[in-house]
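One structure below.
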Amino acid sequence: MALKEIVKERIGLTSNYAAAYAAKSADVDVIAAYPITPQTTIIEKLAEFVADGELEAEFLPVESEHSALSAMVGASAAGARVFTATSSQGLEFMHEVLHIASG
């Protein structure tokens, strides 16, 4: 199959929108979301996909980055394909759960 047959439309995207489209293409089951700059637009776009029915996923707005990763660990353990986004500071807030998430 030639590349021309696969690519039907070209669009310009920011890197955050590209990440959101990648998560959509991965057909994630659960998205845990805590907005923190600069990843807020990733979560907003995914919320839009879910609200518009373009992505069939559970969208979980949580109260902290710690909770976001905890939700991802639980959903993953139950067999779901999971996604969250964060920033460098958000990753620091997730540090207590990282050891569990890594197995």
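Residues in the range 19-60 that are at pLDDT below 95 and not hydroxyl-bearing (S, T, Y): A33, P35, I36, P38, Q39. Residue count for the range 51-75 satisfying the condition of being surrounded by 15 or more Cβ atoms within 10 Å (Cβ to Cβ) and among the polar types (S, T, N, Q): 2. Among the residues making up the range 38-48, those that are in contact with a helix residue (DSSP H, G or I) (Cβ under 7 Å, 6 or more places away or on another chain) and crowded, with 19+ Cβ neighbours inside 10 Å are Q39, I42, K45, L46. Count of the range 29-54 residues, restricted to those that are farther than 10 Å from F83 by Cβ, out of contact with any Leu (no Cβ under 7 Å at 6 or more places or on another chain) and either assigned to a helix (DSSP H, G or I) or without any contact (Cβ under 8 Å) to a residue 40 or more places away in the chain (or both), is 12.
Mind listing whichever residues of the range 7-25 are aliphatic (A, V, I, L, M), assigned to a loop (DSSP other than H, G, I, E, B) and either surrounded by 11 or more Cβ atoms within 10 Å (Cβ to Cβ) or at positive phi (or both)? If the condition is that a residue be aliphatic (A, V, I, L, M), assigned to a loop (DSSP other than H, G, I, E, B) and either surrounded by 11 or more Cβ atoms within 10 Å (Cβ to Cβ) or at positive phi (or both), then L13 is the only one that fits.
Inside the range 56-91, can you point out the residues that are assigned to a loop (DSSP other than H, G, I, E, B) and under 17 Å from A22 (Cα atoms)?
Correct list: E56, A57, A80, R81, T84, A85, T86.
The values are calculated or read from the model by the stated rules, or taken from the named source; none is laboratory data. Because the structure is predicted, anything quoted here is derived from the model rather than measured. Note: ideal-geometry Cβ built from the backbone for every residue, glycine included; neighbour counts use all protein chains shown.
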